[in-house]
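The values are calculated or read from the model by the stated rules, or taken from the named source; none is laboratory data. Keep in mind it's a predicted model, so treat the numbers as computed, not measured. Note: ideal-geometry Cβ built from the backbone for every residue, glycine included; neighbour counts use all protein chains shown.
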Amino acid sequence: MIKSKTYKTYQGPKYPTKADGNVPIFNSYEEEANFWDTHDFTDLSLLEAFKPKKESLILRLNREMKRKLEKVAKKKKVSVSTLSRIWLAEKLQNIGA
């Protein structure tokens with residue numbers, strides 16, 4: 001008797017997902033759909049998340065500034081590093097650098 005293989009149907013990602021650069025953690029399909037409904041994958045700031053980072057910068061912050069940065073990053077569901085890169089990129093774009 002020959003056994004046939006059984007294949008599993010792809011059920012989508014497991015939630016919660018992991019944060020990836022500028023793409024936050026998603027706790028549900030609906031949350032992910034809402035994000036992509038309001039964000040364009042071709043947006044440069046999102047594409048930057050997928051480019052390898054070859055340079056690093058060390059910033060010294062006072063404790064209160066770091067705490068505030070961590071609070072905002074947690075609310076936006078991104079890492080402190082990612083939030084900092086986004087804000088720096090936006091500032092540089094705004095001043096035309």
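What to note about this one:
- Subset of the range 69-96 that is surrounded by 12 or more Cβ atoms within 10 Å (Cβ to Cβ) and basic (Lys, Arg) - its residue that is modelled with the highest pLDDT: Lys74
- Residues (over 23 Å from Phe26 (Cα atoms) and within 19 Å of the chain's Cα centre (by Cα)) located in the range 67-97: Leu88, Ala89, Glu90, Lys91
- Counting the residues of the range 49-66 that are farther than 29 Å from Asn27 by Cβ, among the charged types (D, E, K, R) and modelled with pLDDT of 85 or more gives 3.
- Qualifying residues in the range 5-18 (those that are surrounded by 11 or more Cβ atoms within 10 Å (Cβ to Cβ) and at pLDDT 80 or above) - the one farthest from Leu83 (Cα to Cα): Tyr15
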